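Participant: Could you have a look at this structure, given as structure tokens, before my questions?
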Amino acid sequence: MNESTMIGRRGFTQMLGLAAGSAWLAGCTTWRGANGPGAYSVAVLGDTHFDAEPESVYHSHYDESNKWAKVQHEEFRRNGEMWRSRCRELLSASARLARENDTRFVLQLGDIIQGDCDDVPTHKKMLDDCIRMLRAPYPDGIPFLTVVGNHDFRGKGAWDAYFQFAEPFMSSEIERLKAERLKVASVQPPAVQPSAAAKYPAFSFRVGMDLWVFCNFETDRLDAISSLIDADPDARHVFLVTHGPFTTFGDGGSYRWRLGGWRNCEAARPRLYETLSRRRAIVLSGHTHSTNFYRHENRFGGFSEFTVNSVWAKPELATAEPMHEGAKDYGTLGLASVPAEKRDDYRREMDFFKPGVKEYFFNRGAGHYRLDVSDASVTMAFHPGAALEPACTFRLA
Ligand SMILES: [Fe+2]
């Protein structure tokens, strides 16, 4: 990890000397949010997989003939256990920081619920209960944004149930952001696309000077995402919010299950890669149940991606210790678990990104995160578990 883009708490004193005069002088130990004109902070949560014990609360209609039943029952058990106390502590810590530090909105990166209800009223109730529970500890009225994840519409009738929820919910939350923002004289009018919160592929809106694009990571319409970014050439920062990562995640089992991973996306992927790079965009993702950072540099410019994780499934996942660190490790994670007949395909996927990956951090840890946005920089602080102080802060722009 390049010292210019990550500071661990242990290295902070040393970094003061190394990075004198840089944006890193703020460091972890004195971090208190973004400053300056157009600066704002965002409380960030990864996958939450909201669920409850006993299973019958949300899964009494679950279809046991599902071929994934064994795996999914294990997920119900995991979710119920982690939401008993650990994830509530994580949420409390995130909300406390949001209350104590000026925070613009809460961003949740999809898989907000477990799904698997197989019953539309139950699926809707799971979404309602989840939103009420997640937003309760945060400051009253703070906008809460979420992006669609694969679990959010998993189960019978769940696709329609999710979008019947998401369309009005996201529209009203974005309207709340706009209303707040319009009170600030220096801010450009936000540009909400007419398709906001409609069935994706994607929609975009302004938060002050910044463009935020939310997409359905399973869309094959990557050009629609590129076009939304191209349509706003003056934005200060460009954020792409996607449940599944854009940068190929090296997991051997699901290396194609991400934004742009489907074969019918291969023709459109180079344009999105170039668009993100030319705009020095910041991609924010979840899905992998790990905390990852990638910095890309290439002939078009470069972009950053940060993957967040709030699935605090075991106490020991409250850690920022990296499993992989440094660009040389990128692409080595899952090869051994890929069946022999798929290894060429796996390598081809990794090779698309690998030459441009200049920094790489991979950690299995879970926690909550704070994004600080300003003219000078965009940083992401990682708070493992329910930590109130960040273990490390990554510079995304
Ligand atoms: Fe997930």
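The values are calculated or read from the model by the stated rules, or taken from the named source; none is laboratory data. None of the values given here were measured: they were computed from a predicted structure. Using ideal geometry, Cβ is built from the backbone for each residue, glycine included, and neighbour counts are taken over all protein chains shown.
Participant: Sort out for me the helices (runs of 4 or more DSSP H) sitting completely within the range 36-102 that have 3 or more residues that are over 26 Å from the mean Cα position of the chain (by Cα).
Facilitator: 56-59
Participant: Pick from the range 291-322 the residues that are among the small types (G, A, S) and out of contact with any Gly (no Cβ under 8 Å at 6 or more places or on another chain): which of them is surrounded by the most Cβ atoms within 10 Å (Cβ to Cβ)?
Facilitator: It comes out as S304.
Participant: Also: For the range 103-114, name all the residues that are over 15 Å from M380 (Cβ atoms) and in a loop (DSSP other than H, G, I, E, B).
Facilitator: Selection gives G110, D111, I112, Q114.
Participant: Go through (1) part of a loop (DSSP other than H, G, I, E, B); (2) within 16 Å of the ligand (Cβ to nearest atom) and name the single condition P322 misses.
Facilitator: With (1) part of a loop (DSSP other than H, G, I, E, B); (2) within 16 Å of the ligand (Cβ to nearest atom) applied to P322, the lone miss is (2).
Participant: Here's a check for you: in the range 18-54, which residue that is out of contact with any helix residue (DSSP H, G or I) (no Cβ under 8 Å at 6 or more places or on another chain), hydrophobic (A, V, I, L, M, F, W, C) and over 30 Å from K314 (Cα atoms) is modelled with the highest pLDDT?
Facilitator: Among residues in the range 18-54 that are out of contact with any helix residue (DSSP H, G or I) (no Cβ under 8 Å at 6 or more places or on another chain), hydrophobic (A, V, I, L, M, F, W, C) and over 30 Å from K314 (Cα atoms), the one modelled with the highest pLDDT is A39.
Participant: A further question follows. Out of curiosity, is H296 touching a helix residue (DSSP H, G or I) at 6+ places or on another chain (Cβ under 9 Å), more than 16 Å from the ligand (Cβ to nearest atom) and within 29 Å of V213 (Cβ to Cβ)?
Facilitator: Judged against the criteria, H296 is a match.
Participant: Which one of these does D111 not meet: (1) touching a Gly at 6+ places or on another chain (Cβ under 6 Å); (2) over 20 Å from Y369 (Cα atoms); (3) within 16 Å of the ligand (Cβ to nearest atom)?
Facilitator: (2)
Participant: Which residue out of K354, K314, K342 is within 16 Å of the ligand (Cβ to nearest atom) and more than 18 Å from the chain's Cα centre (by Cα)?
Facilitator: That would be K314, the only listed residue that is within 16 Å of the ligand (Cβ to nearest atom) and more than 18 Å from the chain's Cα centre (by Cα).
Participant: Within the group S310, S254, S226, which residue is part of a loop (DSSP other than H, G, I, E, B), in contact with a Ser or Thr (Cβ under 7 Å, 6 or more places away or on another chain) and among the hydroxyl-bearing types (S, T, Y)?
Facilitator: Values: S254 fails: in contact with a Ser or Thr (Cβ under 7 Å, 6 or more places away or on another chain); S226 fails: part of a loop (DSSP other than H, G, I, E, B).
The conditions single out S310.
Participant: Looking only at the range 229-246, count how many residues are part of a loop (DSSP other than H, G, I, E, B) and surrounded by 24 or more Cβ atoms within 10 Å (Cβ to Cβ).
Facilitator: Count: 4.
Participant: Residue under question is R278, and the condition is that it be out of contact with any strand residue (DSSP E or B) (no Cβ under 6 Å at 6 or more places or on another chain), more than 16 Å from the ligand (Cβ to nearest atom) and over 10 Å from F361 (Cα atoms); does it hold?
Facilitator: no
Participant: Also, quick follow-up: Out of all the residues in the range 299-311, which are out of contact with any strand residue (DSSP E or B) (no Cβ under 9 Å at 6 or more places or on another chain) and either among the aromatic types (F, W, Y) or within 13 Å of the ligand (Cβ to nearest atom) (or both)?
Facilitator: F300, V311
Participant: When you look at F300, is it among the aromatic types (F, W, Y) and within 17 Å of T242 (Cα to Cα), yes or no?
Facilitator: no
Participant: Please find, among K354, K342, K328, the residue that is in contact with a Gly (Cβ under 8 Å, 6 or more places away or on another chain), within 27 Å of W262 (Cα to Cα) and either without any contact (Cβ under 8 Å) to a residue 12 or more places away in the chain or of a type outside the set (S, T, Y) (or both). Spell out how you get there, then give the answer.
Facilitator: On the way: K342 fails: in contact with a Gly (Cβ under 8 Å, 6 or more places away or on another chain); K328 fails: in contact with a Gly (Cβ under 8 Å, 6 or more places away or on another chain).
Within the list K354, K342, K328, the selection yields K354.
Participant: A follow-up question, please. So which residues in the range 270-280 are in contact with a helix residue (DSSP H, G or I) (Cβ under 7 Å, 6 or more places away or on another chain) and either crowded, with 18+ Cβ neighbours inside 10 Å or among the hydroxyl-bearing types (S, T, Y) (or both), if there are any at all? Before the answer, list the steps.
Facilitator: Residues of the range 270-280 that are in contact with a helix residue (DSSP H, G or I) (Cβ under 7 Å, 6 or more places away or on another chain), as a first pass: 271-272, 275, 279.
L272, T275, R279, listed by residue number.
Participant: So C265 passes all but one of these: (1) at pLDDT below 90; (2) of a type in the set (A, V, I, L, M, F, W, C); (3) within 16 Å of the ligand (Cβ to nearest atom). Which condition number does it fail?
Facilitator: With (1) at pLDDT below 90; (2) of a type in the set (A, V, I, L, M, F, W, C); (3) within 16 Å of the ligand (Cβ to nearest atom) applied to C265, the lone miss is (3).
Participant: Which pairs turn up if I take residues in the range 161-176 that are among the small types (G, A, S) and look for partners that are at pLDDT 90 or above and in a helix (DSSP H, G or I) with beta carbon separation below 7 Å, at least 6 apart in sequence or on another chain?
Facilitator: Short answer, once both residue conditions are applied: A161/V120; A161/H123; A161/K124.
Participant: Any idea which of S254, S186 is modelled with pLDDT under 85 and closer than 28 Å to Y360 by Cβ?
Facilitator: After applying the criteria, what remains is S254.
Participant: A follow-up question, please. How many residues, within the range 323-341, are surrounded by fewer than 16 Cβ atoms within 10 Å (Cβ to Cβ) and either at pLDDT 95 or above or hydrophobic (A, V, I, L, M, F, W, C) (or both)? Show your work before the answer.
Facilitator: Pass one, the range 323-341, residues surrounded by fewer than 16 Cβ atoms within 10 Å (Cβ to Cβ): 323, 326, 328, 332, 335-337, 339-341.
Subsequent filtering for residues that are either at pLDDT 95 or above or hydrophobic (A, V, I, L, M, F, W, C) (or both) retains 323, 335-336, 340.
Qualifying residue count for the region: 4.
Participant: Here is a list: F249, F217. Which entry is surrounded by 19 or more Cβ atoms within 10 Å (Cβ to Cβ), within 16 Å of the ligand (Cβ to nearest atom) and within 24 Å of D160 (Cβ to Cβ)?
Facilitator: F217 is the lone residue from the list that is surrounded by 19 or more Cβ atoms within 10 Å (Cβ to Cβ), within 16 Å of the ligand (Cβ to nearest atom) and within 24 Å of D160 (Cβ to Cβ).
Conditions tested, residue by residue: (1) within 16 Å of the ligand (Cβ to nearest atom); (2) aromatic (F, W, Y).
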residue: T288; (1), (2): yes, no
residue: S337; (1), (2): no, no
residue: F361; (1), (2): no, yes
residue: A366; (1), (2): yes, no
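Participant: Also, quick follow-up: Please count how many residues of the range 142-157 are within 15 Å of the ligand (Cβ to nearest atom) and either on the phi < 0 side of the Ramachandran plot or among the aromatic types (F, W, Y) (or both).
Facilitator: 9
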